[in-house]
1. DSSP loop (so not H, G, I, E, B), at most 11 other Cβ within 10 Å: list which trypsin sites (Lys or Arg not before Pro) in region 123-181 pass both filters.
2. What is the percent of Cα-Cα separations in region 15-68 that go past 14 Å?
3. DSSP beta bridges in the chain, what fraction antiparallel, as a percent rounded to 5?
4. Given the pairs Lys342/Lys375; Lys264/Lys317; Lys145/Lys297, which are separated by over 19 angstrom at their Cα positions?
5. If I take all pairs of Cα atoms in region 1-101, what percentage of them are more than 16 Å from each other?
6. Which three extents, in angstrom, do the Cα atoms of region 248-405 have along their principal axes, listed largest first?
7. Counting each DSSP H run of 4 or more residues in the chain as -39500 (n - 2.57), what helix-only mean residue ellipticity at 222 nm follows after dividing by all residues, to the nearest 500 deg cm²/dmol?
8. With angles folded into 0 to 90 degrees, how steeply does helix 98-114 sit against the dominant principal axis of the chain? Use alpha carbons for both and round to 10.
Amino acid sequence: MGEELRIDTVRLLRSLNELGKIGMRDGYKGVTRLALSEEDGKARDLLVQWMEEEDLAVTVDPIGNIFGVREGTSSTLKPVLMGSHIDTVIDAGIYDGAYGVLGALEVVRRLNEEGIETRHPLGVAAFTNEEGVRFQPDMMGSLVKCGGYPLEKAYERKDDDGVTVKDALKNIGFLGKGKIDPEAYFELHVEQGPVLQRKGIEIGVVEGVQGIAWWRVAIHGQANHAGTTPLDLRKDPMAAVADLYSGMLDYVTSKGNAVCTIGKLRLEPGAINVVPSLADFTFDYRSYDDATFNEGKAEMEVRLDDAAKRRGLTYVKERTADFQPVHFRREMVALVEASAHKRAYTTQRLPSGAGHDAQFMHIVCPTAMIFVPSKNGVSHSPCEKTEAADLERGANVLMDCALVKAGVRSPKSST
Ligand code: GLV
Ligand code: MN
Ligand code: MN
C-alpha cells in the first residue's frame, strides 16, 4: 500500500513557501525567525491553524514544544511523532527544520485525504529553539523534554537583551502545560552538507549525530592607542582570540574528524584605532568520534587559558552546550533504509554534522532521521535549496516509516 501512496509535493512546497515568508525582512535574502521572537510566534500560529484544519489535537508543553496529534484506532496506544523545528538562524533558507515539520503535516494531510487510519495516533511535532541562536543551549525544547536540562534553568536563560525564555514564551502565548509520551520519533531533514548531492544519492540514512560543544567567552584586556602602543605593552584580547582560533583550526585539521567555528565576535569599544578592551565571542566545536570530541573540548580550554595568560589577560568562559555524539538504534536506521529501498530510492548511511532534535528524542523513544540532498551542500544560508523531487522522496519515506511504526489500517481493511 505504502508504495503507491505519494505525498503531494505541490502542496508541500506551497506550505514551505508560505511559512518561509514569515521572517523575510526587507533588504535580506533569507528568513530570520529566531526562537520565540514575534516572527516565530506568527509561524507557530500558522502551524497550529494548519494542524487544526486537519483535525489534529494540539498540545503545547511547558517549554513551548507544539504537538498536533491525529487519533489512532486504539485510544490506549502512544503516538508516533514526526517533526523538527520552525525557528531559524539569521538570514536562513526555508528548508532547515520547516521541511521536517511540514513534511510531517503533509503526511497527515495525505492520510486524511485517503481516509487511512493507524492503530497508534500520529503526531506532528515542532520543537522550541532548535537553533540556539537567540537562547543557548540549542535543541532546547527536545533537550528539556528528554530530561537533559531542567525546565526552570531553561526558563531563566536570557538573550542578549536580557529577555528570558519564560518571558519570551509568555509573550508569544506558547507557555503550555501539556505532555506527550511518544512511541517513536522520525525527523525528516535536508542534509545541510555535500555528501548526498556529490554522490548522486537520493536518501540519506542517518546513523547518528556528531557531538557538539559550545562556549561563550569574554576575554578582558585594556583599551589603548593603536598607533602608539608597542606590541609588547598591549593587553589585546583580539590577539588572544586569533591565537586560539588558529591553534584550534590546526588541531581539527590534524585530527581530520572534527570542526570548529567562531561565528560571533564582538569587540569593545570597537574602533579602528583602538586596541580593544574586550573580545566577547562564541566557540563551536564538533566531532562524531567520542575520543576526539572529548579531547578537543579539553584542547580548546587549555589553548584559551594559554592564549589569555601569555598576554596578561583575564577571561570568563561558559560552556553553553555539551552534547556527546549520538548513535541511533540499529533497527530504526534499518527501517529508514528498508523503506527507501522499497521505493527503489538510492541510499547512503551517514552521520549528521548538524544538531537535531532527534538526538534528544532518541533518549525518550526509538528515533530515526531521513536526509535528502542539499544543493551544493549549503545551509544556514539564504542559498539553501533542495529540489522538489528530493523533497517528495524524503517525505514518502517519512510516511512509510511512520505507517510501519503506527500500524496502518486502510478503510477497506478489517484488521
Ligand atoms: C543546528 O542547526 C546546528 O547544528 O547548529
Ligand atoms: Mn535543523
Ligand atoms: Mn539549523
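The values are calculated or read from the model by the stated rules, or taken from the named source; none is laboratory data. Just so you know, these numbers come straight off a predicted model, no measurement behind them. Please note: Cβ atoms are built from the backbone with ideal geometry, for glycine as well, and neighbour counts cover all protein chains shown. Side chains included, ligands, DNA and RNA excluded: accessible areas come from the protein's heavy atoms. Shrake-Rupley method; radii C 1.70, N 1.55, O 1.52, S 1.80 Å.
1. Working: sites: Arg134, Lys145, Lys153, Arg157, Lys158, Lys166, Lys170, Lys177, Lys179; in loops: Arg134, Arg157, Lys177, Lys179.
Within region 123-181, the qualifying trypsin sites (Lys or Arg not before Pro) (loop, at most 11 other Cβ atoms within 10 Å) are Lys177, Lys179.
2. Numbers: 830 of 1431 pairs.
The share of Cα pairs beyond 14 Å in region 15-68 comes to 58 percent.
3. Numbers: 47 of 68 bridges.
If I count the DSSP bridges inside the chain, around 70 percent turn out antiparallel.
4. Where the Cα-Cα span goes over 19 Å, the pairs concerned are Lys342/Lys375; Lys145/Lys297.
5. Working: 3155 of 5050 pairs.
Counting every Cα pair in region 1-101, those more than 16 Å apart make up 62 percent.
6. 63, 33, 29
7. Working: 12 runs with 148 residues, N = 415.
My calculation for the chain gives -11000 deg cm²/dmol from helical runs alone.
8. That works out to roughly 10 degrees.
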